[in-house]
1. Of the listed peptides 71-81, 138-148, what is their order by residue-averaged count of other C-beta atoms within 10 Å, with the highest listed first?
2. By how many degrees, 0 to 90 and rounded to 10, does the Cα axis of helix 123-132 deviate from the longest principal axis of the chain?
3. Using the heavy atoms of the protein chains and a 1.4 angstrom probe, tell me the accessible area per residue for the stretch 115-180 in square angstrom.
4. With θ taken as phi - 60° and the coefficients 6.51, -1.76 and 1.60, list the Karplus ³J(HN,Hα) couplings across the stretch 107-115 in order, rounded to whole Hz; mark glycine and proline as x.
5. What accessible area per residue comes out for the stretch 211-277, rounded to a whole number of Å², with a 1.4 Å probe?
6. Between Lys65 and Glu7, what FRET efficiency follows from the Cβ-Cβ distance if R0 is 22 Å, with the result rounded to 0.05?
7. If amide H atoms are built 1.01 Å from N in the plane of the peptide, which residues on other chains or at least 5 residues away come under 5 Å of the amide H of Leu114?
8. Treating only the Cβ of Lys, Arg, Asp and Glu as charged (+1, +1, -1, -1), what charge dipole size does the chain show about its Cα centre? Round to the nearest 20 debye.
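The values are calculated or read from the model by the stated rules, or taken from the named source; none is laboratory data. Only a predicted model underlies this, so the values are computations on that prediction, with no experimental measurement involved. No Cβ is skipped: glycine too gets one built from the backbone with ideal geometry, and neighbour counts run over all protein chains shown. For the accessible areas, the whole protein counts, side chains as well, though only heavy atoms, and no ligand, DNA or RNA atoms are used. Shrake-Rupley method; radii C 1.70, N 1.55, O 1.52, S 1.80 Å.
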Amino acid sequence: MDNKTREIVEKHKFKFSKSLGQNFLIDDTVLDDIIVGSGINEDDFVIEIGPGVGTLTRVMLPRAKKVTAIELDSDLIPILIEELNEFPNFQLIHNDALKVDFNEIIGDEESVKLVANLPYYVTTPIIVRLLTKGYNFKSLTIMIQKEVAERIDSEPNCKEYGSLSVLVQYHCNTKIVRKVSPTSFLPRPKVDSIVIRLDKLDKPRVEVEDEKLFFKVVRASFNMRRKTLWNALKPLGLSKEDLESAFIESGIDQKRRGETLSLEEFATLANSVYKFSIK
Ligand code: SAM
C-alpha cells in the first residue's frame, strides 16, 4: 500500500497545510488506476496540477513525453526539485493553477492531458476555468470529492444535476475511473473521493446560437430549482410576450422545472430565447 510519500514527507520534515488541501496519496493501487484511467502514453505532454511531494508525478514521468507540474506551496518546490531531478522530462512551475495561463504552458503541444489530485477548495473553479477558456487539451483526469464527481456525472431529474453537470457534459464525455477511500491518503481527509476522467469533445455536445446566453439560461434555471422555468427565466429580461413566444417555439412546457431538462432541451430553449431577445 505504502509508497515513497511517507518517506519523503519525513525526510524533509514537511508540514501539511490544511488550507492548501494537502492530502497526499499513499496507495499504489490508486496511482496505478490513475495512470491506466488517464490513458497517458509516451506521446503525451502531461500537466499535473498540485503535485505535492511528487508521488503521482514520479510514476507518470517514465510513461509520458514530458510532465509539467504546477504547485502553489513554496515549501514543496525544493522538495520536488530534489526528489525528481533524475527525470530530464520534468518541469516545475511555482504558481497558482487558478492564475496561470495554460495557453502559455501548452504552447504548440498537440497531445495534452491534464492530471490532478485536486485540493477540494479549488475543484470547481479549476474545472470551470479549464473548460471555459478554450484551452487545447484532450482530457482531464482528476481526483475530486465524491459529491462533486456525482454532480458532474449526473442526469436530469437527479438531485445532483445542476449547472456544473451541464457545463462539463456540454464540453466532455465523462467516465468514473474509481472510488478512493480516506485511508489512501496522508493525512486522511474526512470525505470519500472519486477519480473521474473528462474527455474533451471536438465540438460541444449541442449546438447553440449564443454560448453565453445558453449558460445564462442554464444558471437561471438552476438558481431557482424549485420554481417553474417561467419564473426562473423571468430575470433574463425578456418581455412577457417574448418569453411566452420563446417557450411556445421551443416546445418546452414553461411549468417544468430546470432540473428536468436534458442538455438538448436546454439548447433548444436557449436558442428560442436568443431568437426572441434579438428581434
Ligand atoms: N498530487 C499529490 C498527491 O496525489 O499526493 C498531492 C495532492 S494534494 C490533494 C493537492 C496539492 O495541490 C498540494 O500539493 C497543494 O499544495 C497543491 N495546491 C493547492 N492549491 C493549489 C493551487 N491553487 N495551485 C496549484 N497547486 C495547488
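1. In descending order of packing, they fall as 138-148, 71-81.
2. 60
3. I get 40 Å² per residue for the stretch 115-180.
4. For the stretch 107-115, the Karplus-derived couplings read x, 9, 4, 9, 10, 9, 10, 9, 9 Hz, x marking Gly and Pro.
5. 51
6. Working: r = 28 Å, r/R0 = 1.27.
That gives a FRET efficiency of 0.20.
7. Residues meeting the amide H criterion: Ile47, Lys138, Ser139, Leu140, Thr141.
8. Result for the chain is approximately 1140 debye, rounded to the nearest 20.
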